[in-house]
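The values are calculated or read from the model by the stated rules, or taken from the named source; none is laboratory data. Given the structure is predicted, the values throughout are model-derived calculations rather than measurements. Cβ coordinates were reconstructed from backbone atoms using ideal geometry, including for glycine residues, and neighbour counts include every protein chain displayed.
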Amino acid sequence: MKVLRRLLYRDIVFAVAFVTLGFLALFFFFDLVDELRWVNRAGSASYGVAHALIFVALRIPSHLYELLPITVLIGTIYVMARFAQSSEFTIMRTSGMGPWLALRTLLALGAAFVLLTFAMGDYLAPAAENLGQKLRSAQMGQLSTGATGAWLKERQGEHSVAVNVRAVRAPGKFANVRIFDFDGQGRISAQIHAESASVDERDELWHLQGVSVSRLEQSGELTQLVRANESSMTWPTRISAEMVSAALLKPDRMSTISLFQYVRHLEANGQAAQKYEIEFWRKVFYPLSCLVMVVLALPFAYLHFRSGGIAAYVFGGVMAGISFFLLNNVFGYIGTLQAWRPWLAAATPGLLYTLLSLTAFGWLVLRR
C-alpha cells in the first residue's frame, strides 16, 4: 500500500502544482497589465516597471490562497480520470485498495493541502500584502480609498471617540488623521487633527505629528472654544494598525486572528460587524474546502473513459472549481444583505459541495 500511496501522492501533487502555476501565471499577467497604468504616472514618477513587477509578485501568495482549493480539485480529477482511463486504478483496486482506503488516502493528502492553504492565508499572504503596501506607499506617497477614508469608533470610559484616517503611508503609519471626542451625552467636546500618525501597539499609543487641537471648555455658564497647536503628542487607544488597514483595504488580506480582534472591536463599540464576521468565518472554513475537493474528485477514478474522453471531465472539474469560487463570494454578499448568521453564510458553499461529493461517492463508488 505504501507504493500505491506514494504513486497517488506524487502524481496528484505534480498535477496540482502544474495547474496552480498555470493559473498563477495568468493572474500575474493580468495584474501586471493593470499595474502598469501607475508606472511613471504624474504624482508617482518614482514608481517604475521594477516596482510594479515586485508589487505584482507580492500578490502571488494571496492568489495562491484563493486558488488552492480549485487547483486541488482540477489536479486530483485529472489524476483520477487518467488512472481510470489507463486501468491503473483497476489494478490498484485488485491489489487491495478499496473505496474506504482510497478515501482515507486522499483525505490525508487533502489535510496537507488544508495546512498549506491555512499557512498561505494566515501568514504568508498578509505578510506579502504588508510588504506590497509599504513598497507602493513609499514610491507613490500614500494609499487611500473613497472620499473620506476610514472611520473607526472606540469607547474610552464614559467618553467615545470617532477616528478618521484619510490615507496609509505605510503599515502602521497614517496621514491626515482626525479624532473627534464625544462626552457621555454624545456631544462633541474636542477635535484633534494630525498631519501624520504612527502606531505603537505595545503601549497602545498613537504618536501624532503636526497636531492642532480644538477643545470646548466650560467656564462658569460660558462655553469657550480653545485652540492649540503642538508639534507632537501621544494619544492612548486600542485601535491597531490592522484595524485601520481593514477599514481602508480588503478584509480578506488580514489573518484570522486579526479579523477576530477587529470584529470584537466593532461589536464592543456598537458598529456593524456582519461583513467582517462573514469574512472571519470564510477564513476559518475556506482551507477545509480542500478536503471536500479531493472527495469530489475520487468518483472520477471509478468511471469508464473512452479514448480522448478525459478532457471533458477535466473541463467539468474546472467548471466545478469556478462555480465554488463564485458561490463562495455570492453567499458572502447574500449573507450581508439578508443578515444571515455569519457562520452559515460562510459555510453554505462548502456544505453544498460536501453534500455533492458524498452523494457522488455513495452513488458511483459504494453502489458499484
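Within segment 340-364, residues that are within 18 Å of LEU259 (Cβ to Cβ) and crowded, with 17+ Cβ neighbours inside 10 Å have Cβ atoms under 7 Å from residues that are at pLDDT below 85 and aliphatic (A, V, I, L, M) in these pairs: ALA345/ILE334, counting only partners at least 6 apart in sequence or on another chain.
Among helices (runs of 4 or more DSSP H) entirely within segment 18-132, having at least 2 residues that are outside the structural domain of MET319 (by TED's automatic domain parsing), surrounded by fewer than 20 Cβ atoms within 10 Å (Cβ to Cβ) and under 20 Å from the mean Cα position of the chain (by Cα) singles out no element at all.
Picking from residues in segment 176-223 that are in contact with a Leu (Cβ under 8 Å, 6 or more places away or on another chain) and among the hydroxyl-bearing types (Ser, Thr, Tyr), the one that is farthest from GLY157 (Cα to Cα) is SER196.
Which residues, taken from segment 281-306, are over 11 Å from ILE77 (Cα atoms), touching a helix residue (DSSP H, G or I) at 6+ places or on another chain (Cβ under 8 Å) and modelled with pLDDT under 85? TYR302, LEU303, HIS304, PHE305 - these are the residues of segment 281-306 that are over 11 Å from ILE77 (Cα atoms), touching a helix residue (DSSP H, G or I) at 6+ places or on another chain (Cβ under 8 Å) and modelled with pLDDT under 85.
In summary, ILE192 fulfils each of the numbered conditions (1) in contact with a Phe, Trp or Tyr (Cβ under 9 Å, 6 or more places away or on another chain); (2) modelled with pLDDT under 90; (3) farther than 15 Å from GLY172 by Cβ with the single exception of condition (2). Screening LEU225, LEU205 for residues that are surrounded by 13 or more Cβ atoms within 10 Å (Cβ to Cβ) and on the phi < 0 side of the Ramachandran plot leaves exactly one candidate, LEU205.
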